[in-house]
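Report on the structure given below.
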Amino acid sequence: MDEQLAPAAKRAARERNAFDMVVDRVWRFFCSTRVAVAEIAWVALLVLIGTLRQSSVPHWIGDNIPGTKGIVIRWLDWDVFHSFIFMISLAVLSVGIFIGGMLNRMPGMWQTIRNPTIRTTRGFLNGVTPAATVAAGTTPDGVIEAITAALKKKRYRVFTEKVGDATHLYADKNSLGQLGTYPFHLAMIIILAGGIVTAQWGFRELQFIVPEGGRLDVGHGTGLSVELVQFVDTYAQTGVPEDYRSDIVILKDGEPVKSGSITVNHPLSYENATVYQSSFGQAVQVRVTDANGNVILEDALPMMYQSLLNPDAPAARIDLLPVNASLVIIGPDSNPFNQPELDTLNVRSGEMWVQVRSNDLPAGTMPPAAIVAQGHAVTLDGVTVEFIREKRFSLMQVAYNPGIPIFIFGGIMLVAGLAAVFYFPLRRIRGIIEPAPDGGATGLIAPLAKRDWSGQQDFEHLMEQLKAEPAFTIEPKIGKDAEANSATPETDVSNDEGTA
Amino acid sequence: MEGLVKLSFYCFTAASVAMFAASLAYIFHAVGRVRVERQVLATSTGETVTSTHASFDRGSESAGRWATMLTAFAAVLSFFSVVARIGATKRGPYSNMYEFSLAFVFAILVMYLIFERKYATRQLGAIVLPIASGMAIYIWSLPNSLRESTELIPALQNNLMMTAHVSAAIFAYATFAVSFAAAVLYLVQDRKNLSWLPKKEMLDDIGYRAVTIGFPLLALVLILGSVWAHDAWGSYWSWDPKETAALVTWLIYGIYLHTRTLRGWRGSPSAIVLLIGFAAVIFTYYGNYFFGGLHAYGGV
């Protein structure tokens with residue numbers, strides 16, 4: 001029976017070993033600082049690529065570096081921040097933060113806090129600079145008691161352990177500060193989670209354009225719509241807008257539920273939706289009738305485009321489905337002093353250039369167009385367009401950001417965690433006190449501050465303060481020391497400084 | 001109001017002069033003196049030979065003391081310049097690159113003086129003060145129209161958030177300037193080991209301590225900016241060039257901290273990361289010139 005079971009057990013053990021090996025390798029992968037740095041650098045690179053894509057840099061590269069046009073075209077087409085690679089990179093980084101930045105460090109950190117290693121070696125203390133010698137006429141226990149009292153006055157925790165005649169001493173300060181690494185790392189995951197929550201359950205309408213007197217549905221199952229009562233703007237003498245605001249009414253299922261003014265920094269919320277002021281522009285109120293006199297359009301059209309020939313001339317375009325055509329309207333040049341040669345339409349203030357483009361028009365045929373003054377109408381291709389009056393439109397955004405409380409919570413955690421780690425640095429001291437050959441007590445104490453200049457300075461400062469203690473004398477150790485706090489045999493379970 | 005604008009500018013002008021003088025004094029103090037000894041020797045044949053020997057010596061301590069005094073004077077004048085500007089505009093001086101740079105100069109001087117006092121070393125000033133002076137030259141190069149007191153554009157009309165967000169930014173950048181100076185001196189020390197410059201360990205520590213101040217501040221900048229953006233733009237993150245550049249800068253300093261504390265990187269590799277980090281700071285500072293974006297109003 002045992003012989004029959006043996007191969008199965010061996011196989012199971014082998015499989016378990018293989019499984020353990022895979023888990024171990026994955027764990028080590030995520031715990032590797034080198035991998036973490038590579039992940040951060042990779043995400044930073046992707047972010048840079050995605051950001052530069054929105055600038056003129058790719059065009060410059062394409063124009064000035066031979067053979068890069070193909071790459072630049074792909075670059076411009078690649079929406080980095082919504083790409084699979086970017087999402088995966090963030091996911092891997094998050095897992096790395098959780099495993100490497102948090103889980104893996106927990107046992108060592110916990111031991112430093114709850115059950116620190118007290119014993120040390122003379123080799124360590126002899127090889128460390130700075131260090132201090134302690135001497136007293138009293139017994140070792142008396143010295144330990146005095147040092148403990150002195151260190152406690154400086155907010156150190158002190159632990160001692162008897163090893164033969166000698167007493168080993170371990171003292172630390174700010175041991176809980178290193179826990180700041182957990183809120184810090186957790187905060188980054190929380191912030192990412194906030195982004196995911198918003199992307200998954202929120203919405204954002206970037207181009208929510210409503211002309212004065214107009215109304216637009218928010219959609220997204222909210223039953224809300226927004227009506228722009230009026231738009232008000234004021235300007236400085238330099239032409240810079242000083243302030244602009246939209247007086248709006250929010251309606252739920254057609255019934256007004258909230259009204260107010262919105263400016264750039266003062267949005268208006270109702271239920272989940274918040275309406276933000278973004279920008280504004282010119283609109284044109286038109287009435288369009290077909291050949292039979294039927295009104296096919298009566299609305300204010302936001303002139304949110306620019307003329308192809310003159311970027312300073314605002315334009316509007318709308319499909320006229322009942323007559324299988326589209327209506328194009330171009331306003332006067334808003335900045336006649338800028339490239340005046342482009343202003344070929346010569347549309348004056350109070351006028352609009354109107355064109356009706358039939359979808360059946362043969363290619364290469366110029367659609368009919370005319371300039372029409374406010375309050376007048378023109379008939380083009382059987383369609384009559386009446387320019388009733390100029391208006392304003394307000395460009396708003398409507399958004400629901402369910403992730404924002406999560407984000408703010410994460411932000412507070414992040415800064416608090418960093419403050420705990422950096423401003424409450426872990427300081428540790430080790431020492432051995434033993435009976436002196438001629439009676440009394442002698443000993444050495446030294447900081448655990450390997451290559452930590454500030455930690456060493458703090459220790460020296462502390463020693464200066466302890467010199468005032470009457471129970472013992474303490475002096476800097478002088479002698480043939482090993483290199484300053486380097487290559488020590490100390491194998492403490494956590495690093496010297498705490499870390500972010 | 002006009003008087004306060006002028007007073008602010010005059011204070012800045014005086015601070016600029018003090019900074020330039022302080023830069024020279026710090027350089028003189030840090031670089032040390034070159035002693036040239038020339039001897040005329042007579043040979044056995046009766047000819048004379050001139051022997052020239054150059055040696056480097058510690059910089060003048062009095063130059064160092066003058067440099068510190070001039071820097072403190074410049075800091076006080078910058079402070080008055082910023083306060084007068086606040087008095088004129090009734091808000092934080094952060095509406096354009098002129099005001100922002102005035103405040104940045106003040107922050108650099110303050111952070112530098114704190115580090116000089118804490119570490120009792122003046123040689124960093126030979127790097128930091130020229131950076132502040134460079135910033136002063138940049139301010140002088142800006143159009144005069146930016147010096148006038150103007151109303152805030154609507155996007156910036158949130159005094160509390162603007163003051164908190166931008167104040168955190170200028171102090172973060174200022175501490176990164178100090179860390180940059182420490183990194184440069186470290187690399188010099190690593191190659192030359194000059195006795196009169198601070199010890200490498202101290203320079204390494206200055207770079208690290210500066211980042212431990214700047215890194216949380218930059219995190220605060222990103223978070224406050226996001227919260228403000230949520231109110232102003234409807235989204236707390238828009239991948240705007242300037243906010244993205246700030247994020248990349250933060251990540252670079254994050255790499256520095258991780259490699260230093262977890263992998264035990266010290267010395268030259270760490271110093272090089274600090275140089276890259278400060279290059280990213282400069283890129284972020286002037287990013288709106290290249291990329292425009294939602295922060296473009298901060299430009300000229």
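See the values below:
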| item | result |
| --- | --- |
| Selection from the stretch B:54-88 of residues that are modelled with pLDDT under 85 and open to solvent by less than 30 Å² (accessible area, probe 1.4 Å) | B:59, B:60 |
| Some residue of the stretch B:119-137 being surrounded by fewer than 22 Cβ atoms within 10 Å (Cβ to Cβ), over 20 Å from residue B:169 (Cα atoms) and β-branched (Val, Ile, Thr) | yes |
| Candidates A:379, A:442 - the one that is touching an Asp or Glu at 6+ places or on another chain (Cβ under 7 Å), among the β-branched types (Val, Ile, Thr) and open to solvent by 10 Å² or more (accessible area, probe 1.4 Å) | A:442 |
| Candidates B:266, B:209, filtered to the one that is basic (Lys, Arg) and at pLDDT 90 or above | B:209 |
| Residue in the stretch A:354-368 that is in a strand (DSSP E or B) and open to solvent by 10 Å² or more (accessible area, probe 1.4 Å) present | yes |
| Some residue of the stretch A:226-245 being of a type outside the set (S, T, N, Q), closer than 30 Å to residue B:149 by Cβ, crowded, with 18+ Cβ neighbours inside 10 Å and over 30 Å from the mean Cα position of the chain (by Cα) | yes |
| Test for residue B:191: is it over 22 Å from residue B:252 (Cα atoms) and open to solvent by 10 Å² or more (accessible area, probe 1.4 Å) | yes |
| Selection within the stretch A:163-195 - among the charged types (D, E, K, R) and either open to solvent by less than 10 Å² (accessible area, probe 1.4 Å) or under 16 Å from the mean Cα position of the chain (by Cα) (or both) | A:172 |
| Among the candidates A:120, A:112, residue that is within 38 Å of the chain's Cα centre (by Cα), crowded, with 19+ Cβ neighbours inside 10 Å and either part of a helix (DSSP H, G or I) or touching a residue at least 12 places away in the same chain (Cβ under 8 Å) (or both) | A:112 |
| Any hit, the stretch B:46-53, residues being farther than 30 Å from residue B:122 by Cβ and at pLDDT below 75 | yes |
| Tally of residues being among the hydroxyl-bearing types (Ser, Thr, Tyr) and either touching a residue at least 60 places away in the same chain (Cβ under 8 Å) or under 30 Å from residue A:195 (Cα atoms) (or both) across the stretch A:364-410 | 3 |
| Search result, residues across the stretch A:399-411 that are of a type in the set (Val, Ile, Thr) and more than 8 Å from chain B (Cβ to nearest Cβ) | A:406 |
| Subset tally (residues that are under 17 Å from residue A:447 (Cβ atoms) and of a type in the set (D, E, K, R)) for the stretch A:96-137 | 2 |
| Residue pairs meeting the criteria (Cβ under 8 Å; at least 6 apart or on separate chains; first assigned by TED's automatic domain parsing to the domain that holds residue A:48 and within 12 Å of residue A:50 (Cα to Cα), in the stretch A:72-84; second among the hydrophobic types (A, V, I, L, M, F, W, C) and open to solvent by 40 Å² or more (accessible area, probe 1.4 Å)) | A:75/A:49; A:78/A:49; A:80/A:49; A:81/B:239 |
| Residues that are over 23 Å from the mean Cα position of the chain (by Cα) and assigned to a loop (DSSP other than H, G, I, E, B), drawn from the stretch A:259-271 | A:271 |
| Residue list for the stretch A:277-312, filter: closer than 23 Å to residue A:264 by Cα and in a loop (DSSP other than H, G, I, E, B) | A:303, A:304 |
| Counted residues, the stretch B:110-128 - those being in a helix (DSSP H, G or I) and small (Gly, Ala, Ser) | 2 |
| The stretch A:43-59 - residue that is more than 10 Å from chain B (Cβ to nearest Cβ) and open to solvent by 40 Å² or more (accessible area, probe 1.4 Å) and, of those, nearest to residue B:238 (Cα to Cα) | A:49 |
| From A:451, A:392, residue being at pLDDT below 90, more than 14 Å from every other protein chain (Cβ to nearest Cβ) and under 38 Å from the mean Cα position of the chain (by Cα) | A:392 |
| Only listed residue being outside any strand (DSSP E or B) and either more than 14 Å from chain B (Cβ to nearest Cβ) or surrounded by 19 or more Cβ atoms within 10 Å (Cβ to Cβ) (or both), chosen from A:274, A:222 | A:222 |
| Checking residue A:200 against (1) part of a strand (DSSP E or B); (2) open to solvent by 80 Å² or more (accessible area, probe 1.4 Å), the condition it does not meet | (1) |
| Whichever residue in the stretch B:144-162 is of a type in the set (A, V, I, L, M) and open to solvent by 40 Å² or more (accessible area, probe 1.4 Å) and, among such residues, is farthest from the other protein chains (Cβ to nearest Cβ) | B:160 |
| The stretch A:150-162: number of residues that are part of a loop (DSSP other than H, G, I, E, B) and open to solvent by 30 Å² or more (accessible area, probe 1.4 Å) | 2 |
| Set B:213, B:272, B:255: member being at the interface with chain A (Cβ under 7 Å from one of its Cβ atoms) and open to solvent by 10 Å² or more (accessible area, probe 1.4 Å) | B:255 |
| Hey, residue A:172 modelled with pLDDT under 90 and charged (D, E, K, R) or not | no |
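The values are calculated or read from the model by the stated rules, or taken from the named source; none is laboratory data. In this text the structure is predicted, and so the values were computed from the model without any measurement. Every residue, glycine as well, gets a Cβ built from its backbone with ideal geometry; the counts of neighbours run over all protein chains shown. Surface accessibility is based on the protein's heavy atoms, side chains included, excluding ligands, DNA and RNA. Shrake-Rupley method; radii C 1.70, N 1.55, O 1.52, S 1.80 Å.
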